[in-house]
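Heads up, the thing below is written out as structure tokens.
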Amino acid sequence: MTTEKMTLEEAYRVMFVNYPDVVKVKDACTMIGVGRKKIYDLIKDGILCTVTSGKGYNITKISVIAFLLG
């Protein structure tokens, strides 16, 4: 049995379609299934990409998907 790995583009089209392209930390926690501290660690380590806009972190949905795909 072979399993084909989904490309980032394919995953973007089917994963988290109800979320905007940029999400808050709370949403990223739900999407990934981890707590706030882990999200902040992933941001600090450069694994999740953020966009600055006002107060707090705005995380790109594509970086969440890329993280989940490994």
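The values are calculated or read from the model by the stated rules, or taken from the named source; none is laboratory data. Computed from a predicted structure; not experimentally measured. Ideal geometry is used to build each Cβ from the backbone, glycine not excepted, and the neighbour counts take in all protein chains shown. The area values use the complete protein model at the heavy-atom level, side chains included, leaving out ligands, DNA and RNA. Shrake-Rupley method; radii C 1.70, N 1.55, O 1.52, S 1.80 Å.
Numerical summary
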| read-out | value |
| --- | --- |
| Tabulated pairs, region 47-70, first in contact (Cβ under 8 Å) with a residue 12 or more places away in the chain and hydroxyl-bearing (Ser, Thr, Tyr), second outside any loop (DSSP other than H, G, I, E, B) and open to solvent by 70 Å² or more (accessible area, probe 1.4 Å), C-beta under 9 angstrom, 6+ apart or interchain | Tyr57/Lys24; Tyr57/Tyr40 |
| Selection count, region 21-59, where residues are in contact with a Cys (Cβ under 7 Å, 6 or more places away or on another chain) and either in a loop (DSSP other than H, G, I, E, B) or open to solvent by 60 Å² or more (accessible area, probe 1.4 Å) (or both) | 2 |
| Residues satisfying the stated conditions in region 1-20, i.e. in a loop (DSSP other than H, G, I, E, B) and closer than 20 Å to Gly70 by Cβ | Met1, Thr2, Thr3, Glu4, Lys5, Met6, Thr7, Met15, Phe16, Tyr19 |
